[in-house]
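Here the structure comes first, spelled out in structure tokens, and everything after it is commentary.
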């Protein structure tokens, strides 16, 4: 499918709290380096090209950018690139950040932030982005332990005006229930895609019933293609399923576009945040928001998904 005239508006809109966004957004993780995310041997990205991709994304109607202070590589910080490319920010631009994990200056991962340390992470995102508040902050979770204390700390920062809305990432249904008892949750961000974590289908439906956005990450890359996600618009690395290739041929699209379109058709509350440092891949990703899969397409892809393929 052609991407020449497509904009993010073709995917439709959703509201995060009181913030209306186009359902096709942009993930900033891949902006900082070429190669596998957070790999020691990854090469820093070209700064000018990364800035150009961000500006082009906004030109194409993208008004939802997902980032984090721990998205950095030698010489590059995603937040710094976003600030350099887009500040002063468009009024309709929503920037979603994540806190919880951390990395020291060498890039090594450190333990999850405590409730007390989360304020420092929020303030670091504010400083890097040049904002006086954060639109949406997701608490990124590892494991199944209670999130009440940490999410409660973020709720306090929301009350103080440093955060507008809260979300959670990499979570279970129990985490969602726990968080909602503390403060409103506007989004759940989990790994999900065709054949990727089909056990999250129920959580996706629950989010829809509650009016909460479900935001898949690695919806193109998936478990088997994470190393190729930097070229998200190109379809990732590794062998592609025959069902996905067949639908792609029928629509004159790439497998990556099919995967994005399928994700978006899982529900009006499902968003997409594909990331890339390649301007051509960016346009292809945005164009996928206009793709409408047929009932026959969906039946084949749903069956593939249910098999966990």
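The values are calculated or read from the model by the stated rules, or taken from the named source; none is laboratory data. Quantities reported herein were computed from a predicted structural model and do not represent experimental measurements. Methodologically, a virtual Cβ is constructed for each residue, glycine included, from the backbone with ideal geometry; neighbour enumeration extends over all protein chains shown.
Restricting attention to segment 88-133, the residues being more than 21 Å from residue 153 (Cβ to Cβ), outside any strand (DSSP E or B) and either out of contact with any helix residue (DSSP H, G or I) (no Cβ under 8 Å at 6 or more places or on another chain) or at pLDDT below 95 (or both) number 9.
Quick one: count up the residues across segment 1-35 that are more than 18 Å from residue 269 (Cα to Cα), modelled with pLDDT of 65 or more and more than 16 Å from the chain's Cα centre (by Cα).
5
Taken over segment 252-286, the residue count meeting the criterion of being under 23 Å from residue 50 (Cα atoms) and assigned to a helix (DSSP H, G or I) is 11. Evaluated against (1) within 25 Å of residue 180 (Cβ to Cβ); (2) under 21 Å from the mean Cα position of the chain (by Cα); (3) in a helix (DSSP H, G or I), residue 142 falls short on exactly one condition, (3). Can you find a residue that is surrounded by fewer than 21 Cβ atoms within 10 Å (Cβ to Cβ) and in contact with a strand residue (DSSP E or B) (Cβ under 7 Å, 6 or more places away or on another chain) anywhere in segment 274-295? Yes, segment 274-295 contains at least one residue that is surrounded by fewer than 21 Cβ atoms within 10 Å (Cβ to Cβ) and in contact with a strand residue (DSSP E or B) (Cβ under 7 Å, 6 or more places away or on another chain). If the condition is being within 24 Å of residue 188 (Cα to Cα) and at pLDDT below 95, then segment 37-60 contributes 37, 38. For the residues 153, 160, 179, 148, the requirement of being within 17 Å of residue 124 (Cα to Cα) and in contact with a helix residue (DSSP H, G or I) (Cβ under 8 Å, 6 or more places away or on another chain) singles out 153.
Scanning segment 188-206 for residues being under 12 Å from the mean Cα position of the chain (by Cα) and over 20 Å from residue 243 (Cα atoms) gives a total of 4. Highlighted here would be strands (runs of 3 or more DSSP E) found entirely within segment 156-251 that include at least 2 residues which are modelled with pLDDT under 95 and within 18 Å of residue 99 (Cα to Cα), but there are none.
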